[in-house]
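> First, the structure itself, so that you have it in front of you.
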Amino acid sequence: MKITDVTAVSLVVPIQERMKAPISLPYADELGPIVFGQYRTTLVRIKTDEGIEGVGECMVRLAPTATREIVHALRPVLVGKDPYDVEVIWERLYGMMMNRGHDKGFYLEAVSGIDIALWDIMGKAEGKPVAALLGGIANATFPVYASSVRFRGFEQTLADAKKFVEKGYRAIKIKVGQNPRRFVDDIEVVRTIRGELGSDIDLMVDANCGYDVGTAVAVGRKLEELDVRWFEEPIAPDDLQGYELLQRKLDIPIAGGETQFSRFGMRDILSRRLIDIVQPNVSRAGGFTECRKIAALASAFHVPYAPHTGSSSAICIAASMQLAAALPTSLIFESMESDWSKTQENPLRQRLAPAPIATFSDGNFTLDQRPGLGVTLNEEIVAAYTV
Ligand SMILES: [Mg+2]
């Protein structure tokens with residue numbers, strides 16, 4: 001089989017209301033409306049001479065047309081190659097820009113979308129889900145957590161958490177860290193939810209890098225008393241010494257890795273034992289080809305893998321489900337239940353691939369084992385939001 005064409009499309013959905021940052025963000029008053037003013041993605045479509053087309057998603061949080069242009073610039077590397085040669089292709093793409101400072105960021109997000117589309121092609125050609133090609137389905141049914149309860153005042157936050165339990169979730173993530181000076185409110189909201197939901201529900205806490213080390217220690221010690229399962233991104237991802245301090249002072253497992261790229265980016269945080277749970281995003285960290293290496297690297301440190309999906313679109317979510325089903329070290333899957341805007345749903349998450357690719361029951365997803373990623377694009381949504 002040969003690749004005959006590669007195209008990328010960028011989709012943008014303006015959010016009508018002036019958005020306040022729904023998670024921790026520096027200078028949130030100024031930057032929130034820009035970062036969270038649109039739902040965005042870039043999709044990669046790869047055609048072959050056998051009529052099989054694959055689709056992938058590049059993670060996008062700003063400037064989706066930047067990843068689109070990178071994918072188009074990489075077309076000459078791809079056309080004529082066998083889509084099964086994912087390792088060969090990945091190293092070509094990475095090698096091209098590695099020594100020019102582009103070993104992460106937009107460039108790796110573009111490479112990720114390309115790689116996901118190649119695996120989709122292989123799965124479709126074999127008539128098997130990508131998970132089967134990744135080495136076999138280790139977990140046909142896997143646990144999931146509801147992401148996320150965001151702090152919107154005590155009553156509303158508690159009501160949101162209860163709603164997830166009523167839906168059947170057994171694990172819930174709570175976002176904190178938006179106002180680090182009021183970190184006592186963060187502790188209190190987790191305490192309130194724990195008190196109301198009891199000990200049967202797993203709680204995770206995600207600060208999105210909102211704290212300094214001292215505050216993270218203070219919060220982390222309280223979270224330990226509340227039996228929180230993990231403390232995610234307590235501090236800035238560049239502060240490796242800070243993570244070292246947290247590991248010395250806290251007993252609670254630290255989760256992280258959503259901001260990192262490739263096995264090289266994960267190497268330091270894993271080998272220095274800075275995190276206890278690794279959370280790569282397949283549409284950012286390098287696609288399936290790289291994420292299974294990250295999983296292997298993490299497994300050498302007995303660090304489990306919990307895919308990050310965040311506010312990504314349906315293709316990234318489908319790809320992440322394939323990893324959750326395939327990886328023996330898969331811990332729990334992030335099931336996004338909240339969009340940035342309370343009043344305007346994200347059609348790129350909810351309607352881009354209309355048929356569900358997994359069935360939810362009693363806190364678990366069971367993968368519907370269709371070929372490739374198992375998704376069919378809703379072309380009306382693609383057309384409606386292409387820029
Ligand atoms: Mg997170």
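Table: residues versus (1) over 30 Å from GLU166 (Cβ atoms); (2) away from the ligand (no atom under 16 Å from the Cβ); (3) modelled with pLDDT of 95 or more; (4) out of contact with any Ser or Thr (no Cβ under 7 Å at 6 or more places or on another chain).
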| residue | (1), (2), (3), (4) |
| --- | --- |
| ARG181 | yes, yes, no, yes |
| GLU188 | no, yes, yes, yes |
| ARG191 | no, yes, yes, yes |
| LEU197 | no, yes, yes, yes |
| ASP212 | yes, yes, yes, yes |
| ALA216 | yes, no, yes, yes |
| VAL219 | no, no, yes, yes |
| LEU245 | yes, yes, yes, yes |
| ASP251 | yes, yes, yes, yes |
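> Also, quick follow-up: Got a sec? Which of GLU334, GLU290 is acidic (Asp, Glu), away from the ligand (no atom under 16 Å from the Cβ) and not assigned by TED's automatic domain parsing to the domain that holds ARG18?
Working: GLU334 fails: away from the ligand (no atom under 16 Å from the Cβ).
GLU290 is the lone residue from the list that is acidic (Asp, Glu), away from the ligand (no atom under 16 Å from the Cβ) and not assigned by TED's automatic domain parsing to the domain that holds ARG18.
> Separate question: Within segment 37-51, does at least one residue satisfy the condition of being hydrophobic (A, V, I, L, M, F, W, C), surrounded by fewer than 23 Cβ atoms within 10 Å (Cβ to Cβ) and either closer than 19 Å to ARG284 by Cβ or in contact with a helix residue (DSSP H, G or I) (Cβ under 6 Å, 6 or more places away or on another chain) (or both)? Even if it seems obvious, please write down each step before you answer.
First, pick out the residues of segment 37-51 that are hydrophobic (A, V, I, L, M, F, W, C): 43-44, 46.
Subsequent filtering for residues that are surrounded by fewer than 23 Cβ atoms within 10 Å (Cβ to Cβ) retains none.
Looking for residues that are hydrophobic (A, V, I, L, M, F, W, C), surrounded by fewer than 23 Cβ atoms within 10 Å (Cβ to Cβ) and either closer than 19 Å to ARG284 by Cβ or in contact with a helix residue (DSSP H, G or I) (Cβ under 6 Å, 6 or more places away or on another chain) (or both), one finds none in segment 37-51, hence no.
> Could we say that GLN16 is modelled with pLDDT under 95, more than 16 Å from the ligand (Cβ to nearest atom), closer than 25 Å to GLU337 by Cβ and out of contact with any Gly (no Cβ under 7 Å at 6 or more places or on another chain) here? Before you say what the answer is, go through the steps one by one.
Values: modelled with pLDDT under 95: yes; more than 16 Å from the ligand (Cβ to nearest atom): yes; closer than 25 Å to GLU337 by Cβ: yes; out of contact with any Gly (no Cβ under 7 Å at 6 or more places or on another chain): yes.
Yes, satisfied.
> Within the set of pairs 6+ apart or on separate chains, which have a first residue in segment 359-378 that is without any contact (Cβ under 8 Å) to a residue 40 or more places away in the chain and more than 24 Å from ALA8 (Cα to Cα), a second that is β-branched (Val, Ile, Thr) and surrounded by fewer than 17 Cβ atoms within 10 Å (Cβ to Cβ), and C-beta atoms under 6 Å apart?
Hits for this filter: THR359/THR366.
> With the checklist (1) closer than 17 Å to VAL130 by Cα; (2) more than 14 Å from the chain's Cα centre (by Cα) in hand, flag the one item ARG351 doesn't pass.
Going through (1) closer than 17 Å to VAL130 by Cα; (2) more than 14 Å from the chain's Cα centre (by Cα) one by one, ARG351 breaks only (1).
> Identify all residues within segment 221-243 that are within 16 Å of the ligand (Cβ to nearest atom) and not charged (D, E, K, R); write none if there are none.
LEU223, VAL228, TRP230, PHE231, PRO234, ILE235, ALA236, PRO237, TYR243, listed by residue number.
Results for (1) within 16 Å of the ligand (Cβ to nearest atom); (2) surrounded by fewer than 19 Cβ atoms within 10 Å (Cβ to Cβ); (3) in the same structural domain as PRO22 (by TED's automatic domain parsing); (4) under 26 Å from LYS20 (Cα atoms), shown as yes or no for each residue.
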position	(1), (2), (3), (4)
PHE301	no, yes, no, no
SER311	yes, no, no, yes
CYS316	yes, no, no, yes
LEU327	no, no, no, no
ALA353	no, no, no, no
SER361	no, yes, no, no
LEU367	no, no, no, no
GLY372	no, no, no, no
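> So SER271 fits all but one of (1) out of contact with any Phe, Trp or Tyr (no Cβ under 6 Å at 6 or more places or on another chain); (2) within 16 Å of the ligand (Cβ to nearest atom); what number is the exception?
The one condition SER271 does not meet is (2).
> With the requirement that a residue be small (Gly, Ala, Ser) and within 18 Å of the chain's Cα centre (by Cα), what does segment 89-129 give you?
So the first thing to find is which residues in segment 89-129 are small (Gly, Ala, Ser), and the list is 95, 101, 105, 110, 112-113, 117, 123, 125, 127.
Across segment 89-129, the qualifying residues are GLY105, ALA110, SER112, GLY113, ALA117.
> Return the residues of segment 320-359 that are closer than 15 Å to TYR145 by Cβ, at pLDDT 95 or above and not in a loop (DSSP other than H, G, I, E, B); say none if nothing qualifies. Walk me through how you get there before you give the answer.
So in segment 320-359, the residues closer than 15 Å to TYR145 by Cβ come out as 320-321, 324, 330-338, 358.
From what is left, the residues that are at pLDDT 95 or above are 320-321, 324, 330-335.
Once the filter is applied, which keeps residues that are closer than 15 Å to TYR145 by Cβ, at pLDDT 95 or above and not in a loop (DSSP other than H, G, I, E, B), segment 320-359 yields SER320, MET321, ALA324, SER330, PHE333, GLU334, SER335.
> Also, quick follow-up: I want to confirm something. Restricting to segment 19-77 and keeping residues that are assigned to a loop (DSSP other than H, G, I, E, B) and over 21 Å from ASN208 (Cβ atoms), which single residue is farthest from the ligand (Cβ to nearest atom)?
Just the residues of segment 19-77 that are assigned to a loop (DSSP other than H, G, I, E, B), to begin with: 19-27, 36-37, 49-52, 59-63, 74.
This time we only want the ones that are over 21 Å from ASN208 (Cβ atoms), so: 49-52, 74.
Numbers: ASP49: 41, GLU50: 39, GLY51: 39, ILE52: 34, LEU74: 29 Å.
Among them, the one singled out is ASP49.
> Additional query: Select, from GLY80, GLY54, the only residue that is out of contact with any Gly (no Cβ under 8 Å at 6 or more places or on another chain) and either surrounded by 15 or more Cβ atoms within 10 Å (Cβ to Cβ) or more than 24 Å from ARG263 (Cα to Cα) (or both).
Numbers: GLY54 fails: out of contact with any Gly (no Cβ under 8 Å at 6 or more places or on another chain).
On inspection, the qualifying residue turns out to be GLY80.
The values are calculated or read from the model by the stated rules, or taken from the named source; none is laboratory data. No experiment lies behind these values; they were computed from the predicted model shown. Ideal geometry is used to build each Cβ from the backbone, glycine not excepted, and the neighbour counts take in all protein chains shown.
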